[in-house]
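Note sheet for the following structure.
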Amino acid sequence: MEAESVSVWPRMEPFLLGALQVAPSSKLSLHYLRKMAGYVRSRDGCFPTIGWPMWRHIACGKLQLPEEHAWLYFETFDILLGHEPGDRLERAESLSQCTNKTELDQQRNKLSVDTLQFLLFLYIQQLNRVSLRTSLIGEEWPNHRTRSPSPSDREAKTSSQNKNWDDQAHLSFLHLHLCELLELLVEPGQLSASGQALRDCQISLEAVRSLGLLLEGSVTHGRVVQPIHRLLTKASLQTQSGFCSVTRSFSLRQLLSCLQQNLSLNPFGITACLRSGKKLAWAQQVEGAMKRAKIARNTHMAPAGSKMVLMSQVFKQTLAKTSDKLNGANIKIHRCSNAFIYLLSPLRSVSVDKCRDSTLVLGPVETSVHIHSCQNVRVVCVAGRVAIGASSGVTIHALTPTRPLLLPGNSDITLGPFHTFYPSLEDHMASVGLAVVPNVWDQPLLLGTEGIVNTSQLNANATSSPDPACFRLLPPDQFNALVVPFAMEGDTCEVPGGLPPLYQTAVEEKHKRIHNWQKTVMEARLNKDQKRQFQELVEIKFHAWLLETGHRQELDSLSDAMPSLRASNGPLATDTTRNNDSKHMRNGQAGGQSTMAC
């Protein structure tokens, strides 16, 4: 088999889920990571796996990172790796029983990760490093390793906008930094004093196995995705990759050349999905609208970890779905406005980018929900992590075991407790390993380029760090529960874990006021004409309130165009828009609203 028939590409998830969307600490530069690579190889308990105690020692004692910042990297890598749902639930139960920091540290001390993969993970934090030449001219300077983008490449670039989703940026990053990444995997004895690889040095098969965090590939004709170490040790590739079966190692020089020659764009990335994924254009019903809502997905052909669904430009519509097509997929919701989106399936990750005046209700998200450059958006989710950056007027109702991450550029962020349910929610939570405890939705972590921001120190003039005054906790007197307005099968009949006491009390007080109001009306003993007049007055006031708050649009879009949910993979909306009977009532026709299919 010829070497030219082999393709190697960057894996999507390490960049999408692993690279924090903020410029990295200067302590994660190549200089310090080279020192760390030598240190972990020479200390007991650091190699081939490294636990939280040793990483904390290195990060806090050697790199001078705050402990919270060090834990953020370790926790993010642990979320990225993924664990069996049962293991995650057991760990959640153990964490929920911790009553102080000592007990919490004891649980954290049980965690360990692959040392070399963790080094690579720390290195790719440079993906979002601010480049002076980029900030001056808008694009990286051209170099001989990067080609000019094709029209479809530019379309993908425009759609993704951030490097975590941009597979062109992933490819460029590896082209530029592959040599340095490989040098981090070389044993210290084969490196110069400055940490650079000596001539003809070797890299072990086990080290290349760790490189599988970032790379995978296939034999082009077979298209079966294989780990990078397995691909490079095939008999037909051993000469090109420099693999010696006797020493079970690679020549670094030949390995670098082989990877550079065969490195290509991810065939399951956003570019390929936009170009050849299943696209569904939705007919617009909005008066005067020129845009068309679009969706593209590769879930029919992508392997686990590369499944994605892209939604763009949903405008004044309700999009709702529960389906195996969504299970385990990475979702990108882009440039939607005045929309109501319900994705009630277990998801891998969700990115909400440049959306306005919209509500999103999500099924359990295994890894992270990231909200970026959004305005007046409400997101309701159970998620492994919630992160918000460069957004304003955003309200998050979350159930999450990790502290919400507030990145630079936020203003007027509101954090509230998770406040809804749908019948299959708890089954979906169990399938991705998310439990009701611990739940730290109200303990945000503010992260800037200089590290963790102390919320007790207001610094509104800082440009590289989030303003500690940028968020608030939702006042209980402004709290209302959310009802998911679809019929489904399942056993969940209340908010998992219940509401926090203050919010539960607020709900009970409102129910009490409603009861007292109903009692007052009954005791008024109105005659027939008075009841009719009273009902008309209440309806007028109610509809005025709906218009003032914007809830009228939401009710209109959930009218008779919305089919009911079915529990077993049944969609709220199928591949074509359908009209069905609805259990929801409204007066009049939807003013330019439509329910869209996916």
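The values are calculated or read from the model by the stated rules, or taken from the named source; none is laboratory data. Since this is a predicted model, take the numbers as computed values, not measurements. Glycine also receives a Cβ, built like all others from the backbone with ideal geometry; neighbour counts cover every protein chain displayed. For the accessible areas, the whole protein counts, side chains as well, though only heavy atoms, and no ligand, DNA or RNA atoms are used. Shrake-Rupley method; radii C 1.70, N 1.55, O 1.52, S 1.80 Å.
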Per the list (1) surrounded by fewer than 21 Cβ atoms within 10 Å (Cβ to Cβ); (2) at pLDDT below 90; (3) out of contact with any Cys (no Cβ under 8 Å at 6 or more places or on another chain), residue check on Trp282 breaks on (1)
Have a look at Ala524, Ala506, Ala487 and point out the one that is open to solvent by less than 30 Å² (accessible area, probe 1.4 Å) and of a type in the set (Gly, Ala, Ser).
-> Ala506
Which one is least open to solvent (accessible area, probe 1.4 Å), of the residues in the stretch 53-68 that are of a type outside the set (A, V, I, L, M) and within 20 Å of Leu446 (Cβ to Cβ)?
-> Cys60
Across (1) in contact with a strand residue (DSSP E or B) (Cβ under 8 Å, 6 or more places away or on another chain); (2) crowded, with 18+ Cβ neighbours inside 10 Å; (3) assigned to a loop (DSSP other than H, G, I, E, B), Ser7 clears everything bar (3)
Quick check: is even one residue across the stretch 66-82 part of a helix (DSSP H, G or I) and over 23 Å from the mean Cα position of the chain (by Cα)?
-> yes
Looking at the stretch 552-561, is at least one residue at pLDDT 50 or above and more than 23 Å from Thr420 (Cα to Cα)?
-> no
Enumeration of residues in the stretch 248-266 that are open to solvent by 20 Å² or more (accessible area, probe 1.4 Å) and part of a loop (DSSP other than H, G, I, E, B) = Arg248, Ser264, Leu265
Within the stretch 113-120, is even one residue closer than 28 Å to Leu214 by Cα, in contact with a Phe, Trp or Tyr (Cβ under 9 Å, 6 or more places away or on another chain), outside any helix (DSSP H, G or I) and at pLDDT 95 or above?
-> yes
Among the residues of the stretch 212-242, which ones are basic (Lys, Arg) and either in contact (Cβ under 8 Å) with a residue 60 or more places away in the chain or buried (at least 19 other Cβ atoms within 10 Å of the Cβ) (or both)?
-> Lys234
With a cut-off of at least 3 residues that are touching a His at 6+ places or on another chain (Cβ under 6 Å), name the strands (runs of 3 or more DSSP E) lying wholly within the stretch 342-412.
-> 375-389
For the stretch 496-529, name all the residues that are within 30 Å of Leu399 (Cα to Cα), touching a helix residue (DSSP H, G or I) at 6+ places or on another chain (Cβ under 9 Å) and not in a helix (DSSP H, G or I).
-> Pro496, Gly498, Leu499, Pro500
Would you check which residues across the stretch 295-332 are more than 25 Å from Trp9 (Cβ to Cβ) and assigned to a strand (DSSP E or B) and list them?
-> Phe315, Gln317, Thr318, Leu319, Ala320, Lys321
Looking only at the stretch 18-34, decide whether some residue is in a strand (DSSP E or B) and surrounded by 19 or more Cβ atoms within 10 Å (Cβ to Cβ).
-> no
